[in-house]
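Heads up: the structure comes next, in structure tokens.
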Amino acid sequence: MKTLFSFLCICVSFTFISICGCWKTSNIPADFPKIYPCEITVVQEGKPLADAVVSFSPIGTAGKYSSCSGSTDTSGLASIKTYAQNGVPLGKYKVLISKKKDEGGTEVEDEFGSKSIKGAKVYSYVDAKYSDKDLTPFEIEIKEQKGVQTLQCDVGAAIRQYIQDVVEY
């Protein structure tokens, strides 16, 4: 009886390990290349810009990995990641920067108890040219090297530009 119980435990454990080993735990492509650390510092009117989104748009043969992005912290620093991995594949990229925020609106609850916001407005706090790959002046080339590759981007004067109404979210 004890042997049967041990055998069943081993079979269950083996099955569990086999199933877990077959699950894909991320969306990283099988041909994912080597990546290199990269940090972007964003300033606006000479001060660090927090909560900005920094993303990379490949130039030419930079590759198909356009999901390189990060968000700035209170010091204006964004560590760029690709598929949630710290770093960026080799190549040249346009650096796109934006900062948007929803303002106003009223919280409402539907008949099922779900809450949403109605009547909010979306504002941009960075000139739209910095989030357009054809207009942004910022570029970076990720090279094979040791250490973190860095770039400082100054997005000019602070703005608050209306973009759109948020119907509901």
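The values are calculated or read from the model by the stated rules, or taken from the named source; none is laboratory data. Everything numeric in this text was worked out from a predicted model, so none of it was measured. Glycine gets a Cβ as well: all are built from the backbone with ideal geometry, and neighbour counts include every protein chain shown.
A quick yes/no check of all residues on (1) small (Gly, Ala, Ser); (2) surrounded by fewer than 19 Cβ atoms within 10 Å (Cβ to Cβ):
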| site | (1), (2) |
| --- | --- |
| 29 | no, yes |
| 38 | no, no |
| 51 | no, yes |
| 57 | yes, yes |
| 85 | no, yes |
| 102 | no, yes |
| 108 | no, yes |
| 123 | no, yes |
- Select, from 113, 119, the only residue that is over 14 Å from residue 44 (Cβ atoms), out of contact with any strand residue (DSSP E or B) (no Cβ under 8 Å at 6 or more places or on another chain) and modelled with pLDDT under 85. 113
- Note on the structure: residue 164 vs (1) modelled with pLDDT of 85 or more; (2) over 23 Å from residue 35 (Cβ atoms); (3) part of a strand (DSSP E or B): all pass except (1)
- Message: Here are the criteria: (1) of a type outside the set (Phe, Trp, Tyr); (2) in a helix (DSSP H, G or I); (3) over 24 Å from residue 59 (Cβ atoms). Tell me which single one residue 129 does not satisfy.
- Response: (3)
- Item | Of the criteria (1) without any contact (Cβ under 8 Å) to a residue 24 or more places away in the chain; (2) surrounded by 14 or more Cβ atoms within 10 Å (Cβ to Cβ), which one residue 114 fails | (2)
- Message: With the requirement that a residue be part of a loop (DSSP other than H, G, I, E, B) and out of contact with any Lys or Arg (no Cβ under 8 Å at 6 or more places or on another chain), what does the range 77-87 give you?
- Response: 80, 83, 84
- Name the pairs: first residue in the range 122-141 and touching a residue at least 40 places away in the same chain (Cβ under 8 Å) and among the acidic types (Asp, Glu), second residue in a loop (DSSP other than H, G, I, E, B) and surrounded by 14 or more Cβ atoms within 10 Å (Cβ to Cβ), Cβ to Cβ under 9 Å, at least 6 apart or on different chains? 141/62; 141/90
- Note on the structure: For the range 137-151, the count of residues that are outside any loop (DSSP other than H, G, I, E, B), touching a Phe, Trp or Tyr at 6+ places or on another chain (Cβ under 8 Å) and loosely packed, with under 13 Cβ neighbours inside 10 Å equals 1
- Query: When residue 119 is evaluated against the numbered criteria (1) more than 16 Å from residue 39 (Cβ to Cβ); (2) surrounded by fewer than 17 Cβ atoms within 10 Å (Cβ to Cβ); (3) under 20 Å from the mean Cα position of the chain (by Cα), which criterion, by number, is the only one it fails?
  - Reply: (3)
